[in-house]
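Undergrad: Sharing a structure with you now.
The values are calculated or read from the model by the stated rules, or taken from the named source; none is laboratory data. The model shown is predicted, which means the values in this text are computed figures rather than measured ones. All Cβ positions, even for glycine, are placed from backbone atoms using ideal geometry, and neighbour counts span all protein chains on display. Accessible surface is based on the protein model in full, side chains and every heavy atom, while ligands, DNA and RNA are left aside. Shrake-Rupley method; radii C 1.70, N 1.55, O 1.52, S 1.80 Å.
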Amino acid sequence: METPVLPWQPITFGGVAAFARASLGRLFLVQFLAALLVAASVISFLSVAWFPVFQKAIARLPENGAIRGGHLEWNNASPARLAEGTFLSIVLDTAEGGRTGQSADVQLELERHGLKICSLFGCLALPYPKHWTFALNRAEAEPWWGAWRPFLLVGIGAGVVICLLASWLVLATLYSLPVRVITFYSDRQATWPGCWRIAGAAQLPGALLMSGAIFLYGFNRLNLVGLLFAWLLHVVIGWIYVGIASTRLPRLANAPQRRGNPFSGTKNRQKRFGE
């Protein structure tokens, strides 16, 4: 007889399968804790990799400058590299000559009519909002950054948690069908709500992997290509857990024993898909 696993840890296949009989509140609690861990890794990365670059860029701003009416008002030398690090660099190029180069993983280019974000995937150009004014001078930007920096970190962390919980809700709904199909044809004890909870818990091992990858990337133990590979791997891990955890459920008590040649003509018990 199989020893039941407490529905608490989503690390092993049996642990994920145990969530089939867990309450919705317990699944949500474990998902929330996993989302908090991912959010903590994102906040840690921003604190050590991106925010210090923003701080240096603000310290190098001139006395006059602003983004107003969809245009950058800048009278100083251009192009100018305001700050640069391994992960992020900030460049100001009002002439839009494209001669700034890029050494960081992500580069923000402030141009005359918009912001350009460049990375391994190419560049994305975003126009400045027409009715938005932002000070690009040290006298105004430094106090604003000092006051709002902690709230930005908290807001980003909360956004990560909300986005993860919402995405896991959608993925659990999509993956509950293949979980139900696997449990049906493998004669496992499962209900539709139980299959939905398994599909939801199956997303957590990949999320924990991604959290560790972000930590490693932030401390220069993993490069950008490695981080992208980890992201792809965490998706595949979700599929693997969906497939294998579904077979870790207890068998039906009256399920036929499949021995020998499956084409020998033995009649199997007929059952309906909704059972």
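Undergrad: Within segment 45-68, restricting attention to residues that are of a type in the set (Gly, Ala, Ser) and open to solvent by 30 Å² or more (accessible area, probe 1.4 Å), which residue is farthest from Gly206 (Cα to Cα)?
TA: Taking the candidates together, the pick is Ala59.
Undergrad: In this structure, does Thr3 turn out to be at pLDDT below 95, assigned to a loop (DSSP other than H, G, I, E, B) and within 22 Å of the chain's Cα centre (by Cα)?
TA: Taking the combined requirement at face value, the residue does not satisfy it.
Undergrad: Also: Which ones in segment 116-158 are within 23 Å of the chain's Cα centre (by Cα) and in a helix (DSSP H, G or I)?
TA: Scanning segment 116-158 gives Arg149, Pro150, Phe151, Leu152, Leu153, Val154, Gly155, Ile156, Gly157, Ala158.
Undergrad: Take the conditions over 26 Å from Val42 (Cα atoms) and free of Cβ contacts under 8 Å to residues at least 12 places away in the same chain and apply them to Val181. Does it pass?
TA: So Val181 fits the description; yes.
Undergrad: Quick check on Ala172: is it part of a helix (DSSP H, G or I), modelled with pLDDT of 95 or more, open to solvent by less than 60 Å² (accessible area, probe 1.4 Å) and within 21 Å of Leu249 (Cα to Cα)?
TA: Yes, satisfied.
Undergrad: Would you pick out the residues in segment 162-221 that are under 21 Å from the mean Cα position of the chain (by Cα) and β-branched (Val, Ile, Thr)?
TA: Scanning segment 162-221 gives Ile162, Val170, Thr173, Ile198, Ile214.
Undergrad: Let me ask something additional. Would you point out which residue out of Leu92, Leu27 is within 30 Å of Thr173 (Cβ to Cβ) and either in a strand (DSSP E or B) or in contact with a helix residue (DSSP H, G or I) (Cβ under 7 Å, 6 or more places away or on another chain) (or both)?
TA: Residue meeting the stated conditions: Leu27.
Undergrad: Continuing with this model, one more query. Which one of the conditions (1) surrounded by fewer than 14 Cβ atoms within 10 Å (Cβ to Cβ); (2) touching a residue at least 60 places away in the same chain (Cβ under 8 Å) does Gly101 fail to meet, given that it meets all the rest?
TA: The single condition Gly101 does not satisfy is (2).
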